[in-house]
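The next block holds one structure in the form of structure tokens; read it before the comments.
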Amino acid sequence: MKAADAFSPTYAKARQKFLQACVGAGLKVETHPHPLKGCEGEDLAMDVVYDGPADATRRLVISSACHGVEGHCGSGVQVFALHDAAWRAQARAAGVGVLYVHGLNPHGFSFSRRVTHENVDLNRNFIDFTQPLPVNTGYAKLHALLLPAEWPPAADTQAALAHWIDQHGMLAYQAAVTAGQYQFDDGLFFGGQAPTWSNRTFRQVLRTHGAPAARLAWIDLHTGLGPNGLGERIFAGRDDPAAYARANAWWGSAKAPVTSIYDGSSSATLLTGLNWNAVAQECPQAEATAIALEYGTLPMMEVMAALQADHWLHAHADRATPDLAEAIHARMRDAFYTDTDAWKRQIVDQAREAMVQAVQGLSA
């Protein structure tokens with residue numbers, strides 16, 4: 001299969017390719033239906049397939065579409081992998097079972113949104129909701145500027161936001177906006193006030209398929225940060241030096257070490273409610289080693305502007321003309337998916353390398 005042929009322009013086509021690849025590989029799909037329909041009226045689901053020995057104690061999870069629209073990338077990686085006989089044989093020979101989780105957030109994937117149908121950033125939703133919710137005072141000061149009453153924003157709104165960034169710096173801006181917030185349910189990077197459908201369903205998948213694992217690796221596929229086409233390997237786990245060292249030994253190099261939100265080396269800042277919490281909680285018996293494989297698309301401020309427009313449209317759909325709504329959807333897709341053969345080849349090559357390294361790490 002050519003790399004470009006593994007990718008799809010819509011969720012419906014991506015899911016069809018994934019299911020067909022599973023059939024072609026002789027694998028049984030476990031489907032978790034989503035309660036809502038997609039933008040084309042299609043069924044939505046978190047589809048799961050396991051490839052490997054039933055009793056494997058070393059397992060690799062490869063997941064896509066945590067942030068819905070980013071699923072164009074992650075689904076392409078998974079479809080290509082299922083067509084890659086050499087890769088599948090290598091994993092099996094090492095005694096490693098591979099779990100593909102397609103469409104962690106199928107609703108966002110279908111509607112070209114980063115968030116779930118609850119308007120929640122899934123990768124800020126994995127917190128203990130029985131405890132007081134975190135308060136993001138930085139975001140609170142920016143919310144009205146990020147989501148103004150009109151779109152495009154008025155000149156004075158844009159000037160006020162630029163002034164805030166000039167005063168506090170770009171890093172402070174990124175930290176305030178992206179860290180996760182739990183007070184503004186229409187806002188950016190909203191972590192929710194309860195576990196989402198995707199959160200609950202993914203935990204169920206982990207309990208079922210992670211239970212036999214003594215050693216568990218995870219590659220969670222993302223887009224939207226960093227230079228176009230470059231796959232940054234960001235440590236995904238608690239601030240544990242041993243786990244970080246293990247991730248670096250598996251996936252890092254002298255020129256490109258695994259980065260971390262804890263030491264400021266990653267393109268992402270310190271974040272709350274990340275999905276790796278589910279692995280630690282649902283598979284406590286397993287030694288877990290994980291990364292988010294984060295592929296670059298557009299410059300950060302262009303990505304942020306696309307997110308602002310998407311959230312504005314969600315809150316003010318009645319104010320948008322059909323042309324404006326279509327332009328906002330297209331902008332979102334472009335912010336998280338570079339639809340070129342060269343980009344797709346880069347994505348597949350880097351993902352395959354990381355998958356092979358995970359198998360080697362699990363086998364060591």
May I ask for the net charge around VAL279, where only other residues with Cβ less than 13 Å from the Cβ of VAL279 are counted and Lys, Arg are +1 while Asp, Glu are -1?
+1
Surface per residue (accessible, 1.4 Å probe) for the chain, Å²:
40
Ignoring trypsin sites (Lys or Arg not before Pro) that are buried or in helix or strand per DSSP, and keeping those with at most 13 other beta carbon atoms within 10 Å, what is the longest stretch of the chain between them?
29-237
CD proxy at 222 nm, helix term only [per DSSP H run n ≥ 4: -39500 (n - 2.57); per residue of the chain; nearest 500]:
-13500 deg cm²/dmol
For the range 5-10, take each phi angle, set θ = phi - 60°, evaluate the Karplus expression 6.51 cos²θ - 1.76 cosθ + 1.60, and give the result in whole Hz per residue in order, putting x for glycine and proline.
6, 7, 9, 9, x, 9
Check: in the chain the Lys pairs 8 or more apart or on separate chains whose Cα atoms fall under 30 Å apart number 15
Pull out a ≥ b ≥ c, the square roots of the eigenvalues of the alpha-carbon gyration tensor of the range 45-130, then state rounded if a/c is under 1.5, prolate if not and a/b is larger than b/c, and oblate in the remaining case.
oblate
Residues with beta-carbon under 11 Å from that of PRO257, excluding PRO257: net charge, scoring Lys, Arg +1 and Asp, Glu -1?
0
Given N residues in the chain, what is Rg(Cα) / (2.2 N^0.38 Å)?
0.95
For the chain, with all protein chains present and a 1.4 Å probe, just round the carbon and sulfur fraction of the accessible area to a whole percent.
56
How large is the charge dipole for the range 205-264, taken about the Cα centre, if only the Cβ atoms of Lys, Arg (+1) and Asp, Glu (-1) carry charge, to the nearest 20 debye?
220
Please work out the C-alpha center-to-center distance from the range 1-32 to the range 151-170 and express it in whole Å.
42
Between the range 279-357 and the range 173-249, the alpha-carbon center distance in angstrom
13
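The values are calculated or read from the model by the stated rules, or taken from the named source; none is laboratory data. Just so it is clear, the structure is predicted and the values come from calculations on it, not from any experiment. Virtual Cβ from ideal backbone geometry, glycine too; neighbours counted across all protein chains shown. The area values use the complete protein model at the heavy-atom level, side chains included, leaving out ligands, DNA and RNA. Shrake-Rupley method; radii C 1.70, N 1.55, O 1.52, S 1.80 Å.
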